[in-house]
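Peer 1: Structure in structure tokens, see below.
The values are calculated or read from the model by the stated rules, or taken from the named source; none is laboratory data. Just so it is clear, the structure is predicted and the values come from calculations on it, not from any experiment. Because the Cβ atoms are built from the backbone with ideal geometry, glycine has one as well, and the counts that use them run over all protein chains shown. These accessible areas exclude ligands, DNA and RNA; they are computed on the full protein's heavy atoms, side chains included. Shrake-Rupley method; radii C 1.70, N 1.55, O 1.52, S 1.80 Å.
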Amino acid sequence: MSETFAVELQDVVKRFGDVTAVNHVSLQIKEGEFFSLLGPSGCGKTTSLRMIAGFEMPTDGAIYIYGERQGYRPPNKRPVNTVFQNYALFPHMTVAENIAFGMQMQKVPKDEIKRRVDEALAMVRLSNMANRKPKQLSGGQQQRIALARALVNRPKVLLLDEPLGALDLKLRKAMQIELKALQEEVGITFIYVTHDQEEALTMSDRIAVMNNGIVHQVGDPETIYEHPADRFVADFIGETNFIPVKVLSLSPTIEVELGSGEKVTAGWAEEGLAVGDRAVLSIRPEKMDLLELHEAAKLKSNDVARVRGKVAHLVYVGTDTRHSVTLGDGTEVVVRLQNIHIDEEPWEIGEETIVTWNAAHARVLKE
Amino acid sequence: MERLRRHPELQAWLILAIPVIFLLIFFMAPLLIVFVYSFLERGKYGGVEWVFTLDNIRRVFDPLYFKTFLRSFYIAIVTTLITLGLGYPLAYFIAKSPPSRRNALVFALMIPFWTNFLIRTYAWVMLLRTHTGLINVTLMNWGLIDKPLPLYGNDFAIILGLVYGWLPVMVLPIYAALERLDESLLEAARDLYASSSKAFWRVTWPLSIPGVVAGSMLVFIPSLGAFVTPAILGGGKSIMIGNIISNQFLGAHDWPFGSALSMVMMIAMLIATLIYFRWTKKSELVT
């Protein structure tokens, strides 16, 4: 191992009975990183987090925290702290007692505990709540106390299990920004579990997209969004059009044929595809444009794909309008056009059109 | 009818009226009678003479009776502590069992109640009796002991009988409290560097105190007033206040003194309960 990671999972497997929750997962999380585990419920992200915390022991594989193998080490002996989904604040203790708990267990001197509790309360701006019971606080306040209770112990790694899941949308957005700012301020490695892709994209330095116990892709938000590695990632992160195609060639240029017989080129093809395979072409709705038939004819570039279609319906969503277009083979694609010019003549339902996109933005993925 | 619909609080009172009237007649009235009787003189063949006196109350504090009073308290407290000591781990075990098994275990706990309490207590007599009891006979036959053990006709037998009888009543409220306990609170404690025993004493125990209080009350109060168990297992030698009271009514025909004993016992119980509540409140009761 040349580099020491904050947390490293090596080929970790977790089975519950005959259910495999985590299936050969390997991850390397760097020091000071805001790392998200993203995926739908039951994808193994929470189980992975619980194994790092020590609540679950891996069936196979190894977990390292700062180069130290954890094995069967119990949670109280690990240099990590957790912010729980339901906060798990002790209902019989005051806010200050909750925050002091971890330090009391570590036998930190009393005056230092008091000082650090005050600091932690100031950090989450709840100094006046020290003597309240958790039940007397709002959801957002409880959330911040849970955060303070974990961070006050100065863990090497903070584990967060969908900490914003129970908050309403507006508060969640505000907390996302606050949490990210806090993480940058304290410089602690955060491992953040969420099923909310927007949340993950907003906050993370890097994201691991998981499904069915498998890591599909690890990368920074831009990579995950712009260059999804496979169909699951493309589908789960944001919105994507999938057009069924047949692979015509893979090198030197990637060329595919649509159901309508139209041929287009693409910027990237998933590994393992062969000429003649059935595949899907993945293009984000905002990367597409609509042209009048005569406009398209003027386009000369080979790097721009042109496919005939018919406008099926329109949905106006304020900043832009979603145009559903039926292609020649019956596939419906969504084209998002920004509403920049209010005087522009809108597309009408039933109108013939040419859907275009930059070939570099199209990715050929396995079905 | 129209009026009722417009005043929901009136509907509530109407529904409450039946239990309230029932309790007034069948609970408060006898209590009041007992209270009044304690200050009257005894009639010749039971009943009372309507003459006011404080003699009955005074007699309660006669060392002859007062000693039994204190012993009854002692027996009730020891019984409560032992049932708590046995019941808590049992409740904990049931609460930590897989959900599918919990109901079966609670059910098993209730099975003894299917048999009449009197019969179950006599069964203990068969086991404990000094010369002919199964335990002593067996131990003597095996040559493990020379003399029969003093298992019967003493405080030990009474406490054993009471613990046996009231154990399920201790377990159920504690189980209810532990079963409600959010598992993630314990994980949070472990995550915050608590060993498993620290997590228990700082989280599980304080959060289960409402169950402990309820269970203790449900065991202590009937134990203090017990008269069937001491009558049978005490072998006529070891008695409790409940036996004296029942004897005043059924044997001695001294209703006023029996009433006075009951009154003093009720007041003592009330005070003990209040002290206990005050004491457990301090150990961080969840409100």
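Peer 1: In the range A:51-60, how many are more than 14 Å from chain B (Cβ to nearest Cβ) and either touching a residue at least 60 places away in the same chain (Cβ under 8 Å) or within 17 Å of residue A:191 (Cβ to Cβ) (or both)?
Peer 2: Final tally of qualifying residues: 1.
Peer 1: Examine the range B:160-178 for a residue that is under 22 Å from residue B:220 (Cβ atoms), open to solvent by 60 Å² or more (accessible area, probe 1.4 Å) and under 18 Å from the mean Cα position of the chain (by Cα), and state whether such a residue exists.
Peer 2: yes
Peer 1: Still on this structure, I have one more. Could you list, in sequence order, all residues of the range A:181-226 that are of a type in the set (Gly, Ala, Ser) and either more than 18 Å from residue A:165 (Cβ to Cβ) or outside the structural domain of residue A:144 (by TED's automatic domain parsing) (or both)?
Peer 2: The answer is A:181, A:187, A:208, A:213, A:219.
Peer 1: Looking at the range A:147-249, what strands (runs of 3 or more DSSP E) fall wholly within it and have at least 2 residues that are over 15 Å from the mean Cα position of the chain (by Cα)?
Peer 2: A:157-161, A:241-249
Peer 1: Let me ask you something else. Looking at (1) under 30 Å from residue A:16 (Cα atoms); (2) open to solvent by less than 50 Å² (accessible area, probe 1.4 Å), which one does residue A:218 not meet, given that it meets all the others?
Peer 2: Condition (2) is where residue A:218 drops out.
Peer 1: Out of A:71, A:44, which single residue is on the phi > 0 side of the Ramachandran plot and without any contact (Cβ under 8 Å) to a residue 40 or more places away in the chain?
Peer 2: A:71
Peer 1: Condition (residue is of a type in the set (D, E, K, R), under 20 Å from residue A:4 (Cα atoms), surrounded by fewer than 18 Cβ atoms within 10 Å (Cβ to Cβ) and touching a strand residue (DSSP E or B) at 6+ places or on another chain (Cβ under 7 Å)) applied to the range A:78-93: is it met by at least one residue?
Peer 2: Checking the range A:78-93: not a single residue is of a type in the set (D, E, K, R), under 20 Å from residue A:4 (Cα atoms), surrounded by fewer than 18 Cβ atoms within 10 Å (Cβ to Cβ) and touching a strand residue (DSSP E or B) at 6+ places or on another chain (Cβ under 7 Å).
Peer 1: Mind listing just one residue for me: the one in the range A:81-90 that is within 7 Å of another protein chain (Cβ to nearest Cβ) and in a loop (DSSP other than H, G, I, E, B) and, of those, farthest from the chain's Cα centre (by Cα)?
Peer 2: My answer is A:90.
Peer 1: Quick one: is residue B:256 closer than 21 Å to residue B:61 by Cβ and modelled with pLDDT of 90 or more?
Peer 2: yes
Peer 1: Here is a further query. Take the residues in the range A:91-129 that are in a loop (DSSP other than H, G, I, E, B) and more than 20 Å from residue A:139 (Cβ to Cβ); name whichever of them is nearest to the other protein chains (Cβ to nearest Cβ).
Peer 2: The selected residue is A:106.
Peer 1: I'd like to know if the range A:273-285 contains one or more residues that are open to solvent by less than 20 Å² (accessible area, probe 1.4 Å), over 30 Å from residue A:348 (Cα atoms) and assigned by TED's automatic domain parsing to the domain that holds residue A:361.
Peer 2: Yes, some residue in the range A:273-285 is open to solvent by less than 20 Å² (accessible area, probe 1.4 Å), over 30 Å from residue A:348 (Cα atoms) and assigned by TED's automatic domain parsing to the domain that holds residue A:361.
Peer 1: If you check B:181, B:186, B:270, which single one turns out to be within 14 Å of chain A (Cβ to nearest Cβ), of a type in the set (A, V, I, L, M) and free of Cβ contacts under 8 Å to residues at least 40 places away in the same chain?
Peer 2: The unique qualifying residue is B:186.
Peer 1: Right, here's the next one. Which residues, counting only those in the range B:45-77, are surrounded by fewer than 16 Cβ atoms within 10 Å (Cβ to Cβ) and hydroxyl-bearing (Ser, Thr, Tyr)?
Peer 2: Answer for the range B:45-77, where residues must be surrounded by fewer than 16 Cβ atoms within 10 Å (Cβ to Cβ) and hydroxyl-bearing (Ser, Thr, Tyr): B:45, B:53, B:74.
Peer 1: Here's something else I'd like to know. Return the residue satisfying two criteria in turn: it lies in the range A:130-144 and is assigned to a loop (DSSP other than H, G, I, E, B) and away from chain B (no Cβ under 13 Å), and of such residues it is most open to solvent (accessible area, probe 1.4 Å).
Peer 2: A:131
Peer 1: Further question: Of all residues in the range A:145-191, which are in contact with a Leu (Cβ under 8 Å, 6 or more places away or on another chain), open to solvent by 40 Å² or more (accessible area, probe 1.4 Å) and of a type in the set (D, E, K, R)?
Peer 2: A:172
Peer 1: Can we say residue A:11 is modelled with pLDDT of 95 or more and surrounded by fewer than 14 Cβ atoms within 10 Å (Cβ to Cβ)?
Peer 2: It is true that residue A:11 is modelled with pLDDT of 95 or more and surrounded by fewer than 14 Cβ atoms within 10 Å (Cβ to Cβ).
Peer 1: Name the residues in the range B:41-60 that are over 19 Å from residue B:251 (Cβ atoms) and either under 30 Å from the mean Cα position of the chain (by Cα) or assigned to a loop (DSSP other than H, G, I, E, B) (or both), would you?
Peer 2: Passing the criteria: B:53, B:54, B:55, B:57, B:58.
Peer 1: A further question on this structure: Within the range B:193-237, can you find the residues that are surrounded by fewer than 19 Cβ atoms within 10 Å (Cβ to Cβ), more than 14 Å from every other protein chain (Cβ to nearest Cβ) and not in a helix (DSSP H, G or I)?
Peer 2: The answer is B:225, B:227, B:235, B:236, B:237.
Peer 1: Return a yes/no flag: does the range A:342-350 have any residue that is buried (at least 16 other Cβ atoms within 10 Å of the Cβ), in contact with a His (Cβ under 7 Å, 6 or more places away or on another chain), among the aromatic types (Phe, Trp, Tyr) and modelled with pLDDT under 95.
Peer 2: Yes, some residue in the range A:342-350 is buried (at least 16 other Cβ atoms within 10 Å of the Cβ), in contact with a His (Cβ under 7 Å, 6 or more places away or on another chain), among the aromatic types (Phe, Trp, Tyr) and modelled with pLDDT under 95.
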